[in-house]
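S.K.: Below you'll find the structure I mean.
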Amino acid sequence: ETGVTQSPTHLIKTRGQQVTLRCSSQSGHNTVSWYQQALGQGPQFIFQYYREEENGRGNFPPRFSGLQFPNYSSELNVNALELDDSALYLCASVHRDTGELFFGEGSRLTVL
Amino acid sequence: GDSVTQMEGPVTLSEEAFLTINCTYTATGYPSLFWYVQYPGEGLQLLLKATKADDKGSNKGFEATYRKETTSFHLEKGSVQVSDSAVYFCALTPWGDSSYKLIFGSGTRLLVRP
């Protein structure tokens, strides 16, 4: 049990649609990052938020955006979905004192 | 840019066999190195880490040593159990990066047979 909860666990969208994925972490975890894990691959860093501001971004286009809220929850938004966006999306929150990352179980997105 | 390369799986072993999963990295400076494990239906969990050269990370019988000279961080366990069946990911945090960004390898699936 990592204390990081993601929703929904599975969803199906069609190309061109928009999706919002949600993550809830524990008190004291004030940094959150999102990863995309394609089937059979390792997770790839999308971006990181600290105190509600983006402070690190991987090689993903601007149609991937995020929000972080004061209650330790966050969102990943993806616009204009493409078939290649089909993947498991992982949220990770960082323990403020130890710096350890705690991962949620992920949201599996299928784009048809 | 920085990258991590892992041996391809699946790796299939009998219970109590010795395990080695190879991991090499390409990075500038002194990245921190990690092994994460993903059990079926669960999220990624930190297995062990090492933050400087010659450090040995260990947990649950698993070990890995940070080898700067060979840019490697191979995972070993002396006697695997069926419950060790999972996907193992080697990862690094780039040196000097102020974020908590992790760069992962592609993962190695381990299957342990009774």
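Since every read-out is calculated from the coordinates, none of them should be taken as a lab result. None of these values were measured; they are calculated from a predicted model. All Cβ positions, even for glycine, are placed from backbone atoms using ideal geometry, and neighbour counts span all protein chains on display.
S.K.: Quick one: how many residues across region A:55-97 are assigned to a strand (DSSP E or B) and closer than 18 Å to B:THR93 by Cα? Outline the logic, then answer.
M.R.: Residues of region A:55-97 assigned to a strand (DSSP E or B): A:55-57, A:64-68, A:73-78, A:87-94.
Still in the running and closer than 18 Å to B:THR93 by Cα: A:55-57, A:90-94.
So the count comes out to 8.
S.K.: From B:SER85, B:SER58, B:SER72, B:SER79, grab the single residue that is touching a residue at least 12 places away in the same chain (Cβ under 8 Å), closer than 24 Å to A:ALA92 by Cβ and among the polar types (S, T, N, Q).
M.R.: Result of the check over B:SER85, B:SER58, B:SER72, B:SER79: B:SER85.
S.K.: Those residues that are exposed (fewer than 13 other Cβ atoms within 10 Å of the Cβ) and at the interface with chain A (Cβ under 10 Å from one of its Cβ atoms), I need them from region B:97-114; list them, please.
M.R.: Taking region B:97-114 as the starting set, the residues that turn out to be exposed (fewer than 13 other Cβ atoms within 10 Å of the Cβ) are B:98, B:113-114.
Hit for region B:97-114 is B:SER98, nothing else.
S.K.: Of everything in region B:48-81, what is hydroxyl-bearing (Ser, Thr, Tyr) and within 13 Å of B:LEU19 (Cα to Cα)? Give them in sequence order. Write out each step before concluding.
M.R.: The first filter runs over region B:48-81 and keeps only residues hydroxyl-bearing (Ser, Thr, Tyr), leaving B:51, B:58, B:65-66, B:70-72, B:79.
Across region B:48-81, the qualifying residue is only B:SER79.
S.K.: So, of the residues in region B:68-96 that are among the charged types (D, E, K, R) and buried (at least 16 other Cβ atoms within 10 Å of the Cβ), which turns out to be farthest from the other protein chains (Cβ to nearest Cβ)? Step through it out loud before you land on a result.
M.R.: Just the residues of region B:68-96 that are among the charged types (D, E, K, R), to begin with: B:68-69, B:76-77, B:84.
If we keep only those that are buried (at least 16 other Cβ atoms within 10 Å of the Cβ) as well, we get B:77, B:84.
Details: B:LYS77: 20, B:ASP84: 19 Å.
If we take residues in region B:68-96 being among the charged types (D, E, K, R) and buried (at least 16 other Cβ atoms within 10 Å of the Cβ), then B:LYS77 is farthest from the other protein chains (Cβ to nearest Cβ).
S.K.: So, one more: Taking region A:98-112 as the search range and keeping residues that are surrounded by 19 or more Cβ atoms within 10 Å (Cβ to Cβ), within 14 Å of another protein chain (Cβ to nearest Cβ) and in a strand (DSSP E or B), which one is nearest to the chain's Cα centre (by Cα)? It would help to see each step written out before you state the result.
M.R.: Our first condition is that a residue be surrounded by 19 or more Cβ atoms within 10 Å (Cβ to Cβ); within region A:98-112, this holds for A:101-104, A:106-107, A:109, A:111.
Checking the rest, the ones that are also within 14 Å of another protein chain (Cβ to nearest Cβ) come to A:101-104, A:106-107.
Filter once more, keeping what is in a strand (DSSP E or B): A:101-103, A:107.
On the way: A:LEU101: 13, A:PHE102: 12, A:PHE103: 10, A:SER107: 8 Å.
Among those residues, the one meeting the criterion is A:SER107.
S.K.: While we're here: Could you give me the residue pairs with C-beta distances under 8 Å whose first residue belongs to region B:41-55 and is basic (Lys, Arg), whose second residue is in a strand (DSSP E or B) wherever it lies, and which are 6+ apart or on separate chains?
M.R.: B:LYS49/B:SER32; B:LYS49/B:LEU33; B:LYS49/B:PHE34; B:LYS49/B:TRP35; B:LYS49/B:GLY57
S.K.: Of everything in region A:59-73 that's within 14 Å of another protein chain (Cβ to nearest Cβ) and surrounded by 17 or more Cβ atoms within 10 Å (Cβ to Cβ), which residue is farthest from A:PRO43 (Cα to Cα)? So that I can check it myself, show each step before the final result.
M.R.: Applying the first criterion (within 14 Å of another protein chain (Cβ to nearest Cβ)) to region A:59-73 yields A:59-60, A:66, A:68.
Of the ones still in play, those that are also surrounded by 17 or more Cβ atoms within 10 Å (Cβ to Cβ) are A:66, A:68.
Values: A:GLY66: 17, A:GLN68: 20 Å.
Of everything passing the filter in region A:59-73, A:GLN68 is farthest from A:PRO43 (Cα to Cα).
S.K.: Can B:LYS60 be described as surrounded by 13 or more Cβ atoms within 10 Å (Cβ to Cβ) and among the basic types (Lys, Arg)? So that I can check it myself, show each step before the final result.
M.R.: Details: surrounded by 13 or more Cβ atoms within 10 Å (Cβ to Cβ): no; among the basic types (Lys, Arg): yes.
Criteria not met by B:LYS60.
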